Amino acid sequence: MGVVGGINSPEMAEKIIAEGKADYVILGRQMIADPEFVNKAASGRESEIRRCVRCFNCFPGSPEEGYTDIPYDGVTLSKKVGVCAINPETDTEVMFSEFGKPEKSRKVLIIGGGPAGMQAAITACNRGHKVTLVDEHTALGGVLNFTDIDVDKDDLRAFKNLLAAEVQKRNIEVIYGKKANGDLIKQQRPEALILAIGATPSMPPIKGLNTAAQALEIFNQKEIKEKRIIMIGGGLVGCEAGLHLAKSGHKVTIIEMLEKVAKDSFGMYREALVQEMEKYEISTLTGHHCMEITSNSVRCADELGNEKTLAADRIFYALGMKSNKTDELKSAAGNIPVFEIGDCIHPGKVDAALKTAYLAAMNII
Ligand code: SF4
């Protein structure tokens, strides 16, 4: 008897068989995330496996199965099936035959050590370029470092750590704790520049918003003592951060302007997320926009103007991100090739970050 479903590590496969739960395991999505899984496991290179993060990017579900929230028509959906968020080489829109071999090894400067910057460094180094990666923090990982705290993000944390390890094991110079500017680019004299400088939380003009904290702050604090939490913004970030708090004993209410929460997520992933939010008794108030925040309340209204004031001990917001500006860095680069990748093009998810990173690195020839 074989077993299939969410098996993403040799240890998990080994345990299932050793405990007699199955005679063999079947790998589905994991083989899209890393087709070398078996070879790496067999040759003692388990730490190099890109473990499926179970994000459902490769198969969000289909309308026939009842997933009517998928924002693609049938043709677009068919192109997305099998495209892995963490394996850019599965992307059907990438024409691998179009990438020629680099004419020579180039000096490549990459600014930003989040997932996009790390993937670009790995791919550029694999192509024989001499890579320097600069990050303003003391560790690689960028926005994914919240996974070090989030109890539900083991798989994404493992992926972030894998990227960092893959950078470190290569001949890539990493400069930590340095905020890149035009002077650094001039000093480094690169032959190609990749900008992976990410995005910053948006702060729309809501009265009192500056008294609330941005959702990712939750993962920078050791303990949040306040019990009743309001999260303003029920997109994926607000929902996942709210769920993290609910799992640590907080009473969470999410206020969302749209008619449903986590609309930027969809299909099977959204269904699982919403079920988990219900299990942890998160209250959601959809179709309401926030008008005013005080230290212990949020005033909001529905589209007809009917107002409500909700009490809270602590207020967070997740109201989207805006791309960081690249103009100064681009102009300092002069006339060398410059590539923007990841969230500084458009705030998005890991799949877009990795795809743009991979394409940039492949296009340095
Ligand atoms: S897209 Fe997500 S779920 Fe699908 S194989 Fe890749 S990591 Fe796994």
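Looking at A241, A262, can you tell me which residue is small (G, A, S) and either more than 19 Å from the chain's Cα centre (by Cα) or not in a loop (DSSP other than H, G, I, E, B) (or both)? First the steps, then the outcome.
Working: A262 fails: either more than 19 Å from the chain's Cα centre (by Cα) or not in a loop (DSSP other than H, G, I, E, B) (or both).
Every option except A241 fails the conditions.
Checking the structure you have, find out if any residue of the range 25-36 is surrounded by 14 or more Cβ atoms within 10 Å (Cβ to Cβ), more than 16 Å from the ligand (Cβ to nearest atom), modelled with pLDDT of 95 or more and over 16 Å from Y269 (Cα atoms).
no
Working only within the range 254-268, note down all residues that are touching a helix residue (DSSP H, G or I) at 6+ places or on another chain (Cβ under 9 Å) and surrounded by fewer than 20 Cβ atoms within 10 Å (Cβ to Cβ).
The answer is K260, K263, D264, M268.
Matching residues to (1) in the same structural domain as N335 (by TED's automatic domain parsing); (2) of a type outside the set (D, E); (3) at pLDDT 95 or above:
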residue: A165; (1), (2), (3): yes, yes, yes
residue: K169; (1), (2), (3): yes, yes, yes
residue: E173; (1), (2), (3): yes, no, yes
residue: K178; (1), (2), (3): yes, yes, yes
residue: D183; (1), (2), (3): yes, no, yes
residue: P190; (1), (2), (3): yes, yes, yes
residue: L193; (1), (2), (3): yes, yes, yes
residue: A213; (1), (2), (3): no, yes, yes
residue: F219; (1), (2), (3): no, yes, no
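Run V53 past the list (1) away from the ligand (no atom under 15 Å from the Cβ); (2) among the aliphatic types (A, V, I, L, M); (3) surrounded by 17 or more Cβ atoms within 10 Å (Cβ to Cβ) and report the number of the one that doesn't hold.
(1)
Among (1) at negative phi; (2) touching a Pro at 6+ places or on another chain (Cβ under 8 Å), there is one condition V167 misses while meeting the rest; what is its number?
(2)
Name the residues in the range 299-311 that are more than 15 Å from G234 (Cβ to Cβ) and in contact (Cβ under 8 Å) with a residue 24 or more places away in the chain, would you?
A311
How many residues does the range 70-112 hold that are away from the ligand (no atom under 16 Å from the Cβ) and in contact with a helix residue (DSSP H, G or I) (Cβ under 6 Å, 6 or more places away or on another chain)?
4
For E65, indicate whether it is of a type outside the set (A, V, I, L, M, F, W, C), modelled with pLDDT of 95 or more, more than 9 Å from the ligand (Cβ to nearest atom) and not assigned by TED's automatic domain parsing to the domain that holds R157.
Numbers: of a type outside the set (A, V, I, L, M, F, W, C): yes; modelled with pLDDT of 95 or more: no; more than 9 Å from the ligand (Cβ to nearest atom): yes; not assigned by TED's automatic domain parsing to the domain that holds R157: yes.
In short, no.
Check N126 against each of (1) within 16 Å of the ligand (Cβ to nearest atom); (2) surrounded by fewer than 16 Cβ atoms within 10 Å (Cβ to Cβ); (3) closer than 22 Å to Y176 by Cα and name the one condition it does not meet.
N126 satisfies all of (1) within 16 Å of the ligand (Cβ to nearest atom); (2) surrounded by fewer than 16 Cβ atoms within 10 Å (Cβ to Cβ); (3) closer than 22 Å to Y176 by Cα except (1).
The values are calculated or read from the model by the stated rules, or taken from the named source; none is laboratory data. Here the structure is a predicted model, which is why all the values come from computation and not from measurement. Reconstructed Cβ throughout: ideal geometry from the backbone, glycine too, with neighbour counts over all protein chains shown.
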